[in-house]
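Taking it in order: structure first as structure tokens, then the write-up.
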Amino acid sequence: MPIWIINAICFVGFFLLWEGVAWFTHKYIMHGFLWSWHKDHHEPGYKRFEKNDLFGVVFAALSVLLIVMGAEAWDWRFWSGLGIAAYGAAYFFVHDIFVHQRVKWFTRTNNRYLMALRKAHKIHHKKLGKEDGEAFGFLFVHRKYWPKKTNA
Ligand SMILES: [Zn+2]
Ligand SMILES: [Zn+2]
């Protein structure tokens, strides 16, 4: 197999894998033994920085580590780290800017996918506590959250 295909698989694969990692981390770690880091993200009110942002820092460090380790050989580690970084960037734009509006950019949308994603995440935030949450995933949005098709 040509090397560029392997690299592309690593990049796309790690991007997709990270949705699973984010879901797992959110459900079992953030709402588990590291709830103390995630708690302030479920508290209402606006804070410039949240303790919850530390998770982003940890994932970013992991991705930088892979990129640096693979930078000389431009091997799978480089592309995998880049895949994680791309997921992190997507997560940041969609979660922090679009959903939570920490920066007031695109606040309005008619895109059904984005509306579903925002709804699912708002439902996740309805629970202020650690237990029995739902919708822990992020970019993959379950069908039940999608708005009904209208023929308007
Ligand atoms: Zn949560
Ligand atoms: Zn959130």
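The values are calculated or read from the model by the stated rules, or taken from the named source; none is laboratory data. Bear in mind that the values here come from a model prediction, so they are computed numbers and not experimental data. Note that we place each Cβ from the backbone using ideal geometry, even for glycine, and neighbour counts take in every protein chain shown. Protein only, heavy atoms only, side chains kept; ligands, DNA and RNA dropped before computing areas. Shrake-Rupley method; radii C 1.70, N 1.55, O 1.52, S 1.80 Å.
Looking at (1) away from ligand 1 (no atom under 11 Å from the Cβ); (2) open to solvent by less than 70 Å² (accessible area, probe 1.4 Å), which is the only condition Gly129 fails? Unmet for Gly129, out of (1) away from ligand 1 (no atom under 11 Å from the Cβ); (2) open to solvent by less than 70 Å² (accessible area, probe 1.4 Å): (1). Filtered by the rule that a residue be closer than 13 Å to Gly133 by Cβ and surrounded by fewer than 14 Cβ atoms within 10 Å (Cβ to Cβ), segment 31-41 gives a lone residue, Gly32. With the condition kept exactly as written, say whether any residue in segment 70-79 is within 16 Å of ligand 1 (Cβ to nearest atom) and open to solvent by 80 Å² or more (accessible area, probe 1.4 Å). There is no residue in segment 70-79 that is within 16 Å of ligand 1 (Cβ to nearest atom) and open to solvent by 80 Å² or more (accessible area, probe 1.4 Å). When Ile67 is tested against the conditions (1) modelled with pLDDT under 90; (2) of a type in the set (A, V, I, L, M); (3) buried (at least 16 other Cβ atoms within 10 Å of the Cβ), the lone failure is (1).
Of note, Gly13 does not satisfy the criterion of being touching a helix residue (DSSP H, G or I) at 6+ places or on another chain (Cβ under 6 Å) and more than 19 Å from His125 (Cβ to Cβ).
Please determine, by comparing only the residues of segment 42-52 that are of a type in the set (D, E, K, R) and surrounded by fewer than 17 Cβ atoms within 10 Å (Cβ to Cβ), which one is modelled with the highest pLDDT. In this case the residue turns out to be Lys51. Taken over segment 119-145, the criterion of being part of a helix (DSSP H, G or I) and more than 13 Å from ligand 2 (Cβ to nearest atom) is satisfied by Arg143, Lys144, Tyr145.
Looking for whichever is outside any loop (DSSP other than H, G, I, E, B) and at pLDDT 95 or above here; the options are Ala85, Ala116. Which one fits?
Every option except Ala85 fails the conditions.
For Tyr28, state whether it is outside any helix (DSSP H, G or I) and open to solvent by 70 Å² or more (accessible area, probe 1.4 Å). Don't jump to the end; show me each part of the working.
Values: outside any helix (DSSP H, G or I): no; open to solvent by 70 Å² or more (accessible area, probe 1.4 Å): yes.
Against the criterion (outside any helix (DSSP H, G or I) and open to solvent by 70 Å² or more (accessible area, probe 1.4 Å)), Tyr28 does not qualify.
Cβ-Cβ contacts under 7 Å between residues 6 or more apart (or on different chains), taken from a first residue in segment 123-141 that is in contact (Cβ under 8 Å) with a residue 60 or more places away in the chain to a second residue that is hydroxyl-bearing (Ser, Thr, Tyr), are listed as Phe138/Tyr91. Going by what's in this entry, would Ala89 be described as under 22 Å from Ala135 (Cβ atoms), within 17 Å of the chain's Cα centre (by Cα), of a type in the set (Gly, Ala, Ser) and surrounded by fewer than 17 Cβ atoms within 10 Å (Cβ to Cβ)? Judged against the criteria, Ala89 is a match.
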